[in-house]
Amino acid sequence: MRPLALTTLLLSFLLMSHAGAEPPPTAITSDPPKDALHPPRMASLQIISHGEAMNAVFYLAGGAGPHPTVLLLHGSPGNEQNLDLAQAIRRAGWNTLTLHYRGSWGSAGQYSLAHCIEDS
């Protein structure tokens, strides 16, 4: 099958499979209404794990009142941290904490897969 025909077939399948499906949550595509008194923000911090300081960023949701919090772990250290997900989660009204495990990206200590589990 030619690439163009295969692409057309796949697009048709995707469109049909999503026909009548619910639209994606608005937090994925747009910001919530602005709250001048309680805007969304970010805070950098360090979290101590086994005596070593890990670099972290806390995405704090906008709006008054307490917000649930999710810990967003990016897997093995690398370039991708899924911060687009952190932003979408925050837009949905959740605080999001993301961190660099010990020994990665400027966090103190020795990196290992076992430490990733411990740091979590």
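State all residues of the range 80-99 that are over 18 Å from ASP35 (Cα atoms) and of a type outside the set (Gly, Ala, Ser); if no residue qualifies, say none. Listed by number, the residues that qualify are GLU80, GLN81, ASN82, LEU83, ASP84, LEU85, THR96, LEU97, THR98, LEU99. Would a scan of the range 8-22 turn up a residue that is more than 26 Å from ASP119 (Cα to Cα), at pLDDT 90 or above and of a type in the set (A, V, I, L, M, F, W, C)? No, the range 8-22 contains no residue that is more than 26 Å from ASP119 (Cα to Cα), at pLDDT 90 or above and of a type in the set (A, V, I, L, M, F, W, C). For the range 81-108, a tally of residues being open to solvent by 20 Å² or more (accessible area, probe 1.4 Å), in a loop (DSSP other than H, G, I, E, B) and in contact with a Phe, Trp or Tyr (Cβ under 7 Å, 6 or more places away or on another chain) returns 1.
The values are calculated or read from the model by the stated rules, or taken from the named source; none is laboratory data. Note that the coordinates shown come from a computational prediction; the quantities given were computed from them, not determined experimentally. Glycine gets a Cβ as well: all are built from the backbone with ideal geometry, and neighbour counts include every protein chain shown. Ligands, DNA and RNA are excluded from the accessible area calculation, which covers all protein heavy atoms including side chains. Shrake-Rupley method; radii C 1.70, N 1.55, O 1.52, S 1.80 Å.
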